[in-house]
4 protein chains.
Amino acid sequence: MTEPFNIALIVGSASARSRTAALARHVSERLNQQGFRVRIVQVRDLPAQPLLHADTQNEEIAAAAAVVEQADGVIVASPVYKAACSGLVKTFLDLLPQRAFQGKVVLPLLTGGTLAHVLALDYGLRPVLQSLEPRHVVSGLFLLDQWITITKEQSAALTDEAAPRLESIVRGFVDAVRSNGEYR
Amino acid sequence: MTEPFNIALIVGSASARSRTAALARHVSERLNQQGFRVRIVQVRDLPAQPLLHADTQNEEIAAAAAVVEQADGVIVASPVYKAACSGLVKTFLDLLPQRAFQGKVVLPLLTGGTLAHVLALDYGLRPVLQSLEPRHVVSGLFLLDQWITITKEQSAALTDEAAPRLESIVRGFVDAVRSNGEYR
Amino acid sequence: MTEPFNIALIVGSASARSRTAALARHVSERLNQQGFRVRIVQVRDLPAQPLLHADTQNEEIAAAAAVVEQADGVIVASPVYKAACSGLVKTFLDLLPQRAFQGKVVLPLLTGGTLAHVLALDYGLRPVLQSLEPRHVVSGLFLLDQWITITKEQSAALTDEAAPRLESIVRGFVDAVRSNGEYR
Amino acid sequence: MTEPFNIALIVGSASARSRTAALARHVSERLNQQGFRVRIVQVRDLPAQPLLHADTQNEEIAAAAAVVEQADGVIVASPVYKAACSGLVKTFLDLLPQRAFQGKVVLPLLTGGTLAHVLALDYGLRPVLQSLEPRHVVSGLFLLDQWITITKEQSAALTDEAAPRLESIVRGFVDAVRSNGEYR
């Protein structure tokens, strides 16, 4: 019997009740069903002062960084603010070691209010993820806010337009994590 | 007699004693000498929790946002972390209104340990600044850490290589603020 | 009496009858009315082989490069192809000297079929223009194809939504060229 | 017995005798040794006029596009000009269909004269490649010109610093093509 794969799901929305967080929970449920062990890092719930000062000695910060370190795959989910990923999620990525994604597969997910932000995925977020030297960053997805409804369980229900896209993207990520895992 | 121009200088280094902060102080001194009124926003000194949660009702956060609002020119100084500006500085920019830079002239300044980060200026930081719809973002500068020595007054001394470059860039910013000011 | 300002308008559409070219002609007419001398470089009409091989000895290539050199302001108009400016326009920019935009004001204009390409302006085109070290790149504009109708004079008619935006952007460019010109 | 994998190697240098072309030949030799069938598309040797006008009816242009279509993996090798990939290589990518890289693995390789161009890989080239919707774009490499010597066979000899990096990157690409190929 083999160990299940570990997935770190980093959520970078500044607001408590957000479509990004709901989307993350939805993706987490899908991955759980497929036998992955998912751990969510809600950046907004980390202790604020140590996070901003990149204090990796802080226990909770260290624990969150360890979630990433132990992961086979990393998902970074963020709203688009000011043409890029949120400062919140970037602040967390900033305190990780230089090659924190080495050997890992990474999936970028962005949410936003207008199609005009689509390219923030490949121009704004992906180069940041690449700088952490992952094995590879698979194709990601930009989801319009209007495609996402927050359910009463704080998960996400997707429109018929969005659901198959997300499914296909998650499948690509899952395949890449498994295929990469053969080298473990 | 005319009012002096207001400059907001946003500093986005996570560490207390940083080359970025020293550079900011140095630039501030130069601008003071030329009759500008400079106010520095040290993002790391803002209250952490309200900053992370984009709580613009918080008094100190509101005061920092007002410094930007009242400015004729804005300087954004940040170290390069993970191929982009710091999450810290981005977190502050995120909580500003959509068109917070309207009518203003903006100068981007980055510091970094290796020449390999130079393009973070035009690819990583500038598109974020553009999204705030400034009048214009003038030519900025990437400064190598090794060009900057922190003086005992916590200002910066620059090497002979760097000093004239910074001078020229600051002059371009000053000219643009003044020329733009004629439309006040 | 002072010399009129020279504007170089570089058009980078691969097709003969394009919205980008019509837009360029429209902008050219507006600038002519305001006393500017506009010269258009249709990159697709340059001799193909010398262009591709960056042969700056070729007479027509040299003449096109001279149009840029003599300009006070440069407009780069391109459709968005594959999330960036056209290879055609980039091929022309590639053969210009390293600091070809020094002392000049630059205006980027992009056209595209979907809002999803908006950020190609600030992430795809602007960093390329910055690398030519202009005095500044003013705020540019992305125009949806559907906002542009090609008139029978091969100029462009714009929708009520687009016309005032273009006007405002062109005015910003004009002001910047004039203000910069005081330093001539 | 299975079919060997097809690799399309697109070379985008404007000059006949270039380090980029030599590097491409070197990579091609390595891939041949490992049983891959490599076909090189030298963009500068394609018929210039049809290339610039995106004339996909032209026989040679159509043949070059077919090389990409039939490939399991695509390598895009370009010098850095003006902070991005060459206009030449972009002109070729522009005439490919919207999803030309679908199901394929892609490797970006850039060469340049200074470390200051490193980020052109992830900010300038990679978003363009992503727009062609590949299965994934693996980690690529920026190589300094000084690391590459052109041999008398027009291949490349690499310094001790560069050789292992290229080897590791090519291995990542090879693994990804093979792993992806299981889904053929």
Considering every residue within the range A:126-136, establish whether at least one is closer than 28 Å to residue B:134 by Cα and either of a type in the set (Lys, Arg) or not in a helix (DSSP H, G or I) (or both). yes
With in contact (Cβ under 8 Å) with a residue 12 or more places away in the chain and either touching a helix residue (DSSP H, G or I) at 6+ places or on another chain (Cβ under 8 Å) or small (Gly, Ala, Ser) (or both) as the only criterion, which of C:30, C:25 stands out? C:30
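Report, by residue number, each residue of the range D:19-69 that is hydroxyl-bearing (Ser, Thr, Tyr) and within 13 Å of chain C (Cβ to nearest Cβ).
Correct list: D:56 only.
Please enumerate the residues belonging to the range D:49-70 that are small (Gly, Ala, Ser), in contact with a strand residue (DSSP E or B) (Cβ under 8 Å, 6 or more places away or on another chain) and closer than 18 Å to residue D:128 by Cα. Before the answer, list the steps.
To start, the set of residues in the range D:49-70 that are small (Gly, Ala, Ser) comprises D:54, D:62-66.
Still in the running and in contact with a strand residue (DSSP E or B) (Cβ under 8 Å, 6 or more places away or on another chain): D:64.
Across the range D:49-70, there are no qualifying residues.
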Filter result for the condition that a residue is within 16 Å of the chain's Cα centre (by Cα) and either over 22 Å from residue B:126 (Cα atoms) or of a type in the set (A, V, I, L, M) (or both), over D:115, D:129, D:158: D:129
Looking at this structure, is residue B:75 out of contact with any helix residue (DSSP H, G or I) (no Cβ under 6 Å at 6 or more places or on another chain) and open to solvent by less than 30 Å² (accessible area, probe 1.4 Å)? yes
Yes or no: residue B:110 without any contact (Cβ under 8 Å) to a residue 24 or more places away in the chain, touching a Leu at 6+ places or on another chain (Cβ under 6 Å) and either open to solvent by less than 20 Å² (accessible area, probe 1.4 Å) or within 9 Å of chain A (Cβ to nearest Cβ) (or both)? no
Please state which one of A:135, A:126 is charged (D, E, K, R) and touching a residue at least 40 places away in the same chain (Cβ under 8 Å). A:135
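Out of all the residues in the range B:140-154, which are within 15 Å of the chain's Cα centre (by Cα) and either open to solvent by 30 Å² or more (accessible area, probe 1.4 Å) or touching a residue at least 60 places away in the same chain (Cβ under 8 Å) (or both)? Quick ask: steps written out before the conclusion?
Initially, the range B:140-154 is screened for residues within 15 Å of the chain's Cα centre (by Cα), giving B:140-143.
Of everything in the range B:140-154, those that are within 15 Å of the chain's Cα centre (by Cα) and either open to solvent by 30 Å² or more (accessible area, probe 1.4 Å) or touching a residue at least 60 places away in the same chain (Cβ under 8 Å) (or both) turn out to be B:142, B:143.
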Within the range B:131-144, is even one residue in contact with a strand residue (DSSP E or B) (Cβ under 6 Å, 6 or more places away or on another chain), among the aromatic types (Phe, Trp, Tyr) and under 15 Å from residue B:28 (Cβ atoms)? no
Examine the range A:89-100 for a residue that is assigned to a strand (DSSP E or B), in contact with a Lys or Arg (Cβ under 8 Å, 6 or more places away or on another chain), open to solvent by 10 Å² or more (accessible area, probe 1.4 Å) and in contact (Cβ under 8 Å) with a residue 24 or more places away in the chain, and state whether such a residue exists. no
Count of the range D:134-178 residues which are farther than 20 Å from residue A:102 by Cβ and within 14 Å of chain C (Cβ to nearest Cβ): 1
What are the residues in the range B:72-88 that are part of a strand (DSSP E or B) and at the interface with chain A (Cβ under 7 Å from one of its Cβ atoms), if any? B:81, B:84
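Would you tally the residues in the range C:48-71 being in a loop (DSSP other than H, G, I, E, B) and open to solvent by 30 Å² or more (accessible area, probe 1.4 Å)?
Step one: filter the range C:48-71 for residues in a loop (DSSP other than H, G, I, E, B), giving C:53-58, C:70-71.
Next cut, open to solvent by 30 Å² or more (accessible area, probe 1.4 Å) only: C:53-58, C:70.
Counting residues in the range C:48-71 that are in a loop (DSSP other than H, G, I, E, B) and open to solvent by 30 Å² or more (accessible area, probe 1.4 Å) gives 7.
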Among (1) open to solvent by 40 Å² or more (accessible area, probe 1.4 Å); (2) within 14 Å of chain A (Cβ to nearest Cβ); (3) of a type outside the set (A, V, I, L, M, F, W, C); (4) closer than 25 Å to residue C:70 by Cβ, residue C:117 falls short only on (4)
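Kindly establish whether residue C:16 is of a type in the set (A, V, I, L, M), open to solvent by 40 Å² or more (accessible area, probe 1.4 Å) and either within 12 Å of another protein chain (Cβ to nearest Cβ) or not in a helix (DSSP H, G or I) (or both).
In short, yes.
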Note on the range B:109-136: residues modelled with pLDDT under 95 and either in contact with a Lys or Arg (Cβ under 7 Å, 6 or more places away or on another chain) or of a type in the set (D, E, K, R) (or both) are B:135
Please work out which one of (1) more than 14 Å from chain A (Cβ to nearest Cβ); (2) within 22 Å of residue D:124 (Cα to Cα); (3) acidic (Asp, Glu) is the condition residue B:122 fails and give its number. (1)
By residue number, the members of the range B:168-182 that are in contact (Cβ under 8 Å) with a residue 24 or more places away in the chain and either surrounded by fewer than 20 Cβ atoms within 10 Å (Cβ to Cβ) or more than 16 Å from residue B:136 (Cβ to Cβ) (or both) are B:169, B:172, B:178, B:181
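Got a sec? Which of B:125, B:88, B:115 is within 16 Å of residue B:23 (Cβ to Cβ) and touching a helix residue (DSSP H, G or I) at 6+ places or on another chain (Cβ under 6 Å)? Walk me through it before giving the result.
Details: B:125 fails: touching a helix residue (DSSP H, G or I) at 6+ places or on another chain (Cβ under 6 Å); B:115 fails: within 16 Å of residue B:23 (Cβ to Cβ).
Selected residue: B:88, the only one of B:125, B:88, B:115 that is within 16 Å of residue B:23 (Cβ to Cβ) and touching a helix residue (DSSP H, G or I) at 6+ places or on another chain (Cβ under 6 Å).
Does residue C:131 satisfy the criteria of being within 14 Å of another protein chain (Cβ to nearest Cβ), out of contact with any Pro (no Cβ under 6 Å at 6 or more places or on another chain), open to solvent by less than 40 Å² (accessible area, probe 1.4 Å) and more than 16 Å from residue C:107 (Cβ to Cβ)?
Numbers: within 14 Å of another protein chain (Cβ to nearest Cβ): yes; out of contact with any Pro (no Cβ under 6 Å at 6 or more places or on another chain): yes; open to solvent by less than 40 Å² (accessible area, probe 1.4 Å): yes; more than 16 Å from residue C:107 (Cβ to Cβ): yes.
Spelling it out, residue C:131 is indeed within 14 Å of another protein chain (Cβ to nearest Cβ), out of contact with any Pro (no Cβ under 6 Å at 6 or more places or on another chain), open to solvent by less than 40 Å² (accessible area, probe 1.4 Å) and more than 16 Å from residue C:107 (Cβ to Cβ).
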How many residues are touching a residue at least 12 places away in the same chain (Cβ under 8 Å) and out of contact with any helix residue (DSSP H, G or I) (no Cβ under 8 Å at 6 or more places or on another chain) if we restrict to the range A:37-69? 5
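The values are calculated or read from the model by the stated rules, or taken from the named source; none is laboratory data. The structure displayed is predicted, hence computed values, not measured ones. Every residue, glycine as well, gets a Cβ built from its backbone with ideal geometry; the counts of neighbours run over all protein chains shown. Heads up: the accessible areas ignore ligands, DNA and RNA and are worked out on the full protein's heavy atoms, side chains in. Shrake-Rupley method; radii C 1.70, N 1.55, O 1.52, S 1.80 Å.
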